[in-house]
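K.L.:
Input: one structure, supplied below.
The values are calculated or read from the model by the stated rules, or taken from the named source; none is laboratory data. Not measured: the values here are computed from a predicted model. Because the Cβ atoms are built from the backbone with ideal geometry, glycine has one as well, and the counts that use them run over all protein chains shown. Accessible surface areas use protein heavy atoms only, side chains included; no ligands, DNA or RNA. Shrake-Rupley method; radii C 1.70, N 1.55, O 1.52, S 1.80 Å.
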Amino acid sequence: MALGSIREKLTCEGVDAFLVTHLVNVRYLSGFTGSFAAVVISPSEALFVTDARYEVQAEEEVGPPFTRLTLKPGQRLSQLIIEGGWRSIAVEDTITLAQYNRIKGSLSDVQLRTWSGVVEGFRRFKTPEEVLKIKKAVELAWKAFREVKGKVCPGVIERDLALELEFTMRKRGAEAGAFDFIVASGPRSALPHGAASSKEIHGGDLVVFDFGARWEGYHSDITRTLKVGTWEKWEKEIYTLVLEAQGAALEALKPGIKAQEVDAIARRVIEKGGYGAYFGHGLGHGVGLEVHEAPSLSPVSEDTLEIGTIFTIEPGIYIPNKGGVRIEDMVYLSPEGPKILTEEVEKEI
Ligand code: ZN
Ligand code: ZN
């Protein structure tokens, strides 16, 4: 489907070929999971290019409609493009300036242009197989969290908890952690991206856990905030407000709604509660082959939430030097309505 649409775009814009170099996009189109490859799509051809290290792996992973090519030592991708005889090429706008300049330098007779978000545009709509992979990544994460949660007590080091959580996931079969987990306790819980540190957990700490697993290339992303001991009044207040903001956003979800609007609904709840200044990030993001992908849910997002998308809803309140709360769930906007993929992970106080 993606190939057909890309070919239509080529014809419409009068471009001879589209060069895909962003590895996640190469994987999405071809199924290749290695670390060096590119795909070239023209109206009549679909080339998959890698080097000798990946020749055997590519044979196993990449089949029709792709024609596999292996670069010889010292051979450059640009040579293949020259041999292809294409006069105008579109490249992804995510390539580095150095890559762009290199391509431009070696293809002086070829007209170059950049395309933005083309493969990403397909990736935001998940196929049933992709949904299953993400559900598996979610399951691996929450089951590990359920095991490790009981070990959150005074004297334990944040980093050890993060390690234990990742170890448990991987023992259960996860390919890897989805990212460097956040375990942020006490005043550190007010750091929205407080990577697990050598800090010890103290009695009375709020502890923010942001974690996920990777399964067949697909990710999960979940946040829960725990409390060691009895909740203080202000903690309960911000926790309840964050939960309420999240609930309002979840309630509003329907196909075609503007992501910006969903962000505003959650933000309004936190603002009304008097903590608007302490919610400094967007409400959520798409999750798939990358932990952060389209659609984006933020005050400046132009995206709409459509059937087939999977994204997070993760409001937070962070009071500097005091503490913070974030609750993050993943939602699949299915043809039957929104489904919370992470509902197994308790979030009541
Ligand atoms: Zn997260
Ligand atoms: Zn997230």
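K.L.:
If you take every DSSP beta bridge whose two residues both sit in the chain, what share of them, in percent to the nearest 5, is antiparallel?
P.N.:
Rounded to the nearest five, the antiparallel share is 75 percent.
K.L.:
Pull out the extension gain between E45 and E13, defined as 0.36 nm times the separation in residues minus the alpha carbon to alpha carbon distance; nm, one decimal.
P.N.:
Gain on extension, E45 to E13, equals 9.8 nm.
K.L.:
Enumerate the helices in the chain for which the Kyte-Doolittle hydropathy averages -1.0 or more and the C-alpha atoms extend at least 30 Å along the helix's axis, using complete DSSP H runs.
P.N.:
Answer set is 128-149.
K.L.:
Which three numbers, in whole Å and largest first, are the semi-axes of the equivalent ellipsoid of region 77-153 derived from its Cα gyration tensor as √(5λ)?
P.N.:
The three semi-axes for region 77-153 are 44, 16, 10 Å.
K.L.:
Once you order the gyration tensor axes a ≥ b ≥ c over the Cα atoms, which shape class does region 115-265 get: rounded for a/c under 1.5, otherwise prolate or oblate by comparing a/b with b/c?
P.N.:
Verdict is oblate for region 115-265.
K.L.:
Which lysines have a Cα lying under 27 Å from the Cα of K72, excluding residues fewer than 8 positions away in the same chain?
P.N.:
K104
K.L.:
While we're looking at this one, here's another question. First compute the accessible area of the chain with a 1.4 Å probe, then give the percent of it belonging to carbon and sulfur atoms.
P.N.:
51
K.L.:
Two decimals is fine: what's Rg over Rh for the chain, C-alpha atoms, Kirkwood radius as Rh?
P.N.:
Result for the chain is an Rg/Rh of 1.04.
K.L.:
Here's another thing I want to ask about it. Would you work out the relative contact order for the chain, in percent, from Cα pairs under 8 angstrom that are 6 or more residues apart?
P.N.:
With pairs under 8 Å counted, the relative contact order is 13 percent.
K.L.:
Starting from the residue with the highest accessible area, list L297, L3 in decreasing order, probe 1.4 Å.
P.N.:
Listed by decreasing accessible area, they come as L3, L297.
K.L.:
Find how many whole Å separate the alpha carbon centroid of region 290-315 from the alpha carbon centroid of region 255-287.
P.N.:
Cα centres, region 255-287 to region 290-315: 12 Å.
K.L.:
How much accessible surface does Y218 have with a 1.4 Å probe, in Å² rounded to 10?
P.N.:
The accessible area of Y218 comes to roughly 20 Å².
K.L.:
I'd like to check one number: the per residue accessible area of the chain, probe 1.4 Å, reported in Å² as a whole number.
P.N.:
46
K.L.:
How long are the semi-axes of the ellipsoid equivalent to region 2-122, from square roots of 5 times the Cα gyration tensor eigenvalues, in whole Å, largest first?
P.N.:
Those come to 20, 17, 14 Å.
K.L.:
Of the cross-linked pairs K151/K254; K136/K258; K135/K272; K136/K254; K143/K236, which ones have a Cα-Cα span greater than 31 Å in the structure shown?
P.N.:
Listed pairs above 31 Å: K151/K254; K135/K272.
K.L.:
Keeping all protein chains in position, work out how much accessible area Y278 exposes to a 1.4 Å probe, and write it in Å² to the nearest 10.
P.N.:
Answer for Y278: close to 80 Å² accessible.
K.L.:
Can you pull the accessible area of W231 for me, 1.4 Å probe, Å² to the nearest 10?
P.N.:
Result for W231: roughly 60 Å² accessible.
K.L.:
Just tell me the longest site-free run in the chain, where the sites are trypsin sites (Lys or Arg not before Pro) in a DSSP loop having at most 16 other beta-carbon atoms within 10 Å.
P.N.:
The longest uninterrupted stretch comes out as 173-321.
K.L.:
Same structure again: Enter the Cα centre distance for the pair region 77-131 and region 1-35, rounded to the nearest angstrom.
P.N.:
With region 77-131 and region 1-35 each reduced to a Cα centre, they are spaced 8 Å.
K.L.:
Dipole size in debye (nearest 20) for region 128-340 around its Cα centre, Lys and Arg Cβ +1, Asp and Glu Cβ -1?
P.N.:
For this selection, approximately 660 debye.
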